[in-house]
Amino acid sequence: KLTEIPKVPGTDGRKMSKSLNNAILLSDTPEEITAKVKPMMTDPARKRRGDPGNPEICPVFDLHQIFTPAAQREACATGCRTAGIGCLDCKGVLLTHMLPPLAGIRERRERFAAKPREIVDILHEGSKKARAFAQSTMAEVRSVINLEP
């Protein structure tokens, strides 16, 4: 079942993948993310700043769908179609909305990476809760179908 955003584009326009070396990693710093986004591939028909573009085929606009609020996203789409903004302007708007949520993820990731034992404890606790819930569900299923454990 596909979600609203079925695939996240990589910096080269293909599916984002670490093995394709086109990924923006959750551990990347704001400087690393900016360095990856600024040269990202955009609409290939848009060769010059004055050329109108098509946001529907632009991987940068796909990232806007994830990070940028609707009003600013639509302003970027209109600016692209009319050549009112350039691709670097569009990428700047994306970075404005992309960097803050990724910073929060990166900070939490660093905090957990500094305490690997805490991660193991969290996983064990989650496993206990899931096991108890699954046992309760299976007991209910067995009673409904008259199956002895």
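The values are calculated or read from the model by the stated rules, or taken from the named source; none is laboratory data. Since the structure is predicted, the reported quantities are computational estimates derived from the model, not experimental observations. Counting neighbours? That spans all protein chains shown, and the Cβs are built from the backbone with ideal geometry, glycine included. Keep in mind that these areas ignore ligands, DNA and RNA; they rest on the heavy atoms of the full protein, side chains included. Shrake-Rupley method; radii C 1.70, N 1.55, O 1.52, S 1.80 Å.
Sorting the segments 66-78, 106-118, 83-95 by their mean number of nearby beta carbons within 10 angstrom, highest to lowest, gives 83-95, 66-78, 106-118. State the Cα centre-to-centre distance between the range 1-29 and the range 30-78 in whole Å. Going from one Cα centre to the other spans 15 Å. Along the range 113-127 the Karplus relation, 6.51 cos²θ - 1.76 cosθ + 1.60 evaluated at θ = phi - 60°, assigns HN-Hα couplings of 5, 6, 10, x, 5, 5, 5, 4, 4, 4, 5, 5, 5, x, 5 Hz to successive residues, with x for each Gly and Pro.
Taken over the range 78-134, the alpha-carbon convex hull comes to 117 cubic angstrom per residue. Once C-alpha pairs closer than 8 Å and six or more residues apart are averaged by separation and normalised to the residue number of the range 18-149, the relative contact order reads 22 percent. Across all directions, the shadow cast by the convex hull of the chain built on its C-alpha atoms averages 13.2 square nanometres. Phi angles across the range 76-90 convert, under the Karplus curve 6.51 cos²θ - 1.76 cosθ + 1.60 with θ = phi - 60°, into 3J(HN,Hα) values of 5, 4, 5, x, 5, 4, 9, 6, x, 10, x, 5, 5, 4, 4 Hz, Gly and Pro given as x.
Residues whose amide H falls under 5 Å from that of residue 15, counting only those 5 or more places apart or on a different chain, are 10, with hydrogens built in the peptide plane. Taking every protein chain into account, the accessible area of the chain amounts to 67 square angstrom per residue (probe 1.4 Å). Surface composition of the chain: carbon and sulfur atoms hold 59% of the protein heavy-atom accessible area at a 1.4 Å probe.
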